[in-house]
Each structure stands twice: as C-alpha cells, then as structure tokens.
C-alpha cells in the first residue's frame, strides 16, 4: 500500500489530456489527485477551493471560482464514473454557509446562514434531483428545510454508518456521531 499511496501523489504519470481536462489549477489537480487516492483505497479525502468569502467584488470572484470549480468537479465525477468508482464513492460538496441574496455596497455578498446549497453524489445517493426550495428572493427556505445534523445523518446513511451510534471517549463519555434528533433526507438515499 505504501508504494500505491506514494504513487497517488505523483500526477506526472497521468496523461496530459486528462490533466488538462481537470484544469491546470491547484484545485483541478487536487481533484485529479483525489481520484487517484480513491483508487488506492483512501477512505476520506478533502479537496478545498478557497476564495468564496466574496464580501467585495463578488462577480469577478465568481467568474474565476465558478470556472475552476465546474471544470474540475465535472471531470472528477466523469472520471470516477468512467473507472467504475462513482457507485462506491460518496461525494459531498458544500461550504460552511450561504451568501446573502442581496449585493452589498462593495459589490459583494456577505455571510448568510439562512439558506445555501449542498450537493451529494455517488455511492448511496439517488442523483438527478433538487431537494428544498427558497423563496423567490432567496431570503428563506420555504420547502424541505434541512439542518446541519440532518445533512450529517444523511451522509452517514449513504456511507452505511449508524448515525445513532455513540463512540466512547478516553474518559468513558459517550459521544454521539450525530444528534439523535436528526432526520436524514431519505429522498436522496438509494
């Protein structure tokens, strides 16, 4: 496994066309590396794309970020699918909160925890649907509000982890994986 793991971090053995397809950016090449890590059996991988804190010049940032994200994200999903890995790889795409529906004085968008989008794909997920809806002005959730713990319980169920289970700390304290009041979003689960 050690040799395979080390090889996963070497992108030079990947075809140039494939590297181009992911995008020659840090994020694009990180998504390609994530695919290589999935192939070696790494159970959890995080890929970050920074710069979403668009308090000013939001539209300029979104052009750059959106193109970078779209190219790498779509390439990752297609590559995993083509290699038969998407059915056994659960993907969560999200930020920590949304952005205000209204543009501020700096031509930006501020923090907005009332509504935001999250994407689940791959293993354990029934794709091709949108769950929930905001008001026309984007200021409130009007259909199928989902909490953070609901999302975590949904992810656990997709991964076949009992979200009601507790782990025990080193001092004997039970620590729940997800709060017992969570309601998984069953509509997205296979």
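Count of region 71-95 residues, restricted to those that are surrounded by fewer than 17 Cβ atoms within 10 Å (Cβ to Cβ), in a helix (DSSP H, G or I) and under 13 Å from the mean Cα position of the chain (by Cα), is 1. In region 72-90, the residues that are over 18 Å from residue 16 (Cβ atoms) form Cβ pairs under 8 Å with partners that are part of a loop (DSSP other than H, G, I, E, B), at six or more places apart or across chains, as follows: 80/89; 86/123; 87/123; 88/123; 89/123; 90/123; 90/124; 90/159.
Going residue by residue through region 124-140, is there one that turns out to be at pLDDT below 95 and in a strand (DSSP E or B)? Within region 124-140, none of the residues are at pLDDT below 95 and in a strand (DSSP E or B). Of all residues in region 30-52, exactly one satisfies the criterion of being surrounded by 14 or more Cβ atoms within 10 Å (Cβ to Cβ) and without any contact (Cβ under 8 Å) to a residue 12 or more places away in the chain, namely 45. Residues in region 106-114: is at least one surrounded by fewer than 17 Cβ atoms within 10 Å (Cβ to Cβ) and within 25 Å of residue 180 (Cα to Cα)? Checked region 106-114: at least one residue is surrounded by fewer than 17 Cβ atoms within 10 Å (Cβ to Cβ) and within 25 Å of residue 180 (Cα to Cα). Among the residues making up region 111-123, a single one is in contact with a strand residue (DSSP E or B) (Cβ under 6 Å, 6 or more places away or on another chain), touching a residue at least 24 places away in the same chain (Cβ under 8 Å), in a loop (DSSP other than H, G, I, E, B) and within 16 Å of residue 95 (Cβ to Cβ): 115. Each residue in region 133-183 was checked for being over 20 Å from residue 111 (Cα atoms) and over 17 Å from the mean Cα position of the chain (by Cα), and 26 of them qualify.
Would you call residue 175 part of a strand (DSSP E or B), free of Cβ contacts under 8 Å to residues at least 40 places away in the same chain and farther than 22 Å from residue 59 by Cβ?
Criteria met by residue 175.
Before we move on, is residue 117 exposed (fewer than 15 other Cβ atoms within 10 Å of the Cβ), at pLDDT below 95 and under 17 Å from the mean Cα position of the chain (by Cα)? In short, yes. Taken over region 6-29, residues that are free of Cβ contacts under 8 Å to residues at least 40 places away in the same chain, in contact with a helix residue (DSSP H, G or I) (Cβ under 8 Å, 6 or more places away or on another chain), surrounded by 13 or more Cβ atoms within 10 Å (Cβ to Cβ) and in a helix (DSSP H, G or I) amount to 4.
Every condition in (1) in contact with a helix residue (DSSP H, G or I) (Cβ under 7 Å, 6 or more places away or on another chain); (2) closer than 30 Å to residue 104 by Cα; (3) at pLDDT 95 or above holds for residue 55 except the one numbered (1).
The values are calculated or read from the model by the stated rules, or taken from the named source; none is laboratory data. For clarity, every value in this text was computed on a predicted model and none was experimentally measured. Glycine gets a Cβ as well: all are built from the backbone with ideal geometry, and neighbour counts include every protein chain shown.
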